[in-house]
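Following: one structure in structure tokens, then a few remarks.
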Amino acid sequence: MGEAPAFIVDDLQNQIGFENGFGSKFKGCKTTTTIGDKTYVIGGNDESTLPVEVRIFDKATGNWVTPIVLGSKPNSCKGLSAISLNDDRILIVNKGSAPDDCILFLEVDTWFVREQKKIRGTEVVAWSKGVWGDAEKPVVISGPSGVGKGTLISMLMKEFPSMFGFSVSHTTRAPRGMEKDGVHYHFTEQSIMEKEIKDGKFVEYASVHGNLYGTSIEAVEVVTDAGKRCILDIDVQGARSVRASSLEAILIFICPPSMEELETRLRSRRTETEEQILKRLQNAEVEMEQGKSSGIFDHILYNDNLDDCYESLKKLLGIDGAAAATQISAPQGIDLPADRSVSKMDNKIIINYGTPELEKASKSLIVLDVSSLKGGAPGRTRGLDVYATDSFSDDLNGINQPS
Ligand code: ADP
Ligand code: 5GP
């Protein structure tokens, strides 16, 4: 067994006695939570220590493990408290952060983390930022090169500039004439992109027509954070990865009316060499087969007449009488405290505020509703809701008060 630093032993001793990992003790910028045989020690040595580190004490082996930590770590830390959710992630309240930044999740056994553990053959945990409210599902547009994906997406973005935002992919291919870095693609080098993929920064990636393409987590999140619905233009392999990921997207496959027409469109675009055109046409056969039969896609659209196809796309996305995005901003007037006990009842996290001022104002409990969480590492965790209340009986009817 490796030697444990004194502060961790101290914290573990404080933690013993808490059952099932529910509840943790506030102690500066550091907290411990136990799930099964593992105790997760999260935080630094004092209030200002950054980065926030994670160490795991495995009771079964008696060993300390330093896991690979993926995702964006908290960028400030004045005090943490934590609680286990569903035994696969730890919800963390970061005291003193802006309301937009104060809820974090450390995923320890989610699908993404389990996959990463398999790939890396070692212990892995992943940070995911908590976001208030929900967002519209991203839209994946896929289909063979030249079918008209870019054209349809441009039409959508032009007609609804405040509703949709484009996920700017990374690629190792060279820019075409008018293409701008950061706008059409993030043009990058193979070695850099491979390193970033290894670091878990991509939702999906694939080798397409001899180049590497991929969607970074950040590319999707910046669009969603701006309150827009994210549109991804990716190939079938990428769509398959998205289908398997925590990104709950609508996946649409665009078909050409015929392979002859596809070739005509690809050639008329005049952006590829003859060799590249032939490669794209060859790949199109496989893509068409997979797109139509694989069960990856929710919808298939035929792009014969462009205007008709665009109308069908809009209808499918519900933009004829569209529902507004449901994303909400951070709660106003509720400053989530970290230096009070947190407990969990069903899908509600109860933070006992309990300050004399608040008691006078008859609001001593903050309730975080985590019943509708969506997404998660490698992206944000959305769907958080919060409200203040004065008693368990009012808002938490039928649920036993924690001891
Ligand atoms: P992709 O993004 O799928 O590779 P593009 O949007 O670049 O394809 O379209 C390829 C070419 O086909 C472009 O020159 C575009 O103007 C043209 N095009 C797109 N849709 C249609 C259509 N329905 N009918 C005829 N030409 C089309
Ligand atoms: P192009 O080189 O014509 O811009 O794109 C070629 C193919 O790569 C298209 O089928 C496009 O959908 C796909 N593609 C673009 N970005 C991505 C991405 O981020 N991921 C994946 N998997 N495919 C992408």
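Where a number appears in this text, it was derived from the coordinates with a stated rule and is not lab data. Quick caveat: nothing in here was measured; it's all calculated off a predicted structure. Quick reminder, even Gly has a Cβ in these numbers, built from the backbone with ideal geometry, and neighbours come from all protein chains shown.
Considering only the other residues whose Cβ falls under 12 Å of the Cβ of A135, what net charge follows from Lys and Arg at +1 and Asp and Glu at -1? After counting each charged neighbour, the total is +1. Note on N63 and I197: their simple-model spin labels are 3.0 nm apart, each label 7 Å out from Cα toward Cβ.
Multiply the residue gap between E189 and N75 by 0.36 nm, knock off their C-alpha separation, and tell me the result in nm, one decimal place. Walk me through the numbers on the way to the answer.
Values: separation 114, 0.36 × 114 = 41.04 nm, distance 2.81 nm.
Stretched out fully, the E189 to N75 stretch lengthens by 38.2 nm.
For segment 170-214, GluC sites (Glu not before Pro) meeting the loop criterion (DSSP other than H, G, I, E, B) and having at most 11 other Cβ atoms within 10 Å: E189.
For Y185, the residues whose amide H sits under 5 Å from its own are K180, ignoring neighbours fewer than 5 places away on the same chain, with H placed 1.01 Å from N.
Report the net charge of residues surrounding L104, where surrounding means a beta-carbon distance below 11 angstrom and charges are Lys +1, Arg +1, Asp -1, Glu -1.
Details: positive: K73, R89, K129, R380; negative: D101, E107.
Cβ neighbours under 11 Å give a net charge of +2.
Cross-link pairs exceeding 30 Å in C-alpha to C-alpha distance, out of K117/K344; K158/K195; K73/K315, comprise K158/K195; K73/K315. When only the Cβ of Lys, Arg, Asp and Glu is charged (+1, +1, -1, -1), the dipole of segment 139-325 relative to its Cα centre reaches about 200 debye.
So if I take the centroid of the Cα atoms in segment 267-306 and the same for segment 185-213, what is the distance between those two points in Å? Cα centroid of segment 267-306 versus Cα centroid of segment 185-213: 21 Å apart.
Averaging over all projection directions, find the projected area of the Cα convex hull of segment 139-325 and quote it in nm² with one decimal place.
On the way: hull surface 41.4 nm².
The Cα convex hull of segment 139-325, projected and averaged over all directions, gives 10.4 nm².
For S162 and E285, the FRET efficiency from 1/(1 + (r/R0)^6), where r spans their Cβ atoms and R0 equals 25 Å, is about 0.05.
Could you calculate the contour length gain from L306 to S207, that is, 0.36 nm times the residue separation minus the distance between their Cα atoms, to one decimal place in nm? Intermediate values should be presented prior to the final figure.
Values: separation 99, 0.36 × 99 = 35.64 nm, distance 2.85 nm.
So the chain would gain 32.8 nm between L306 and S207.
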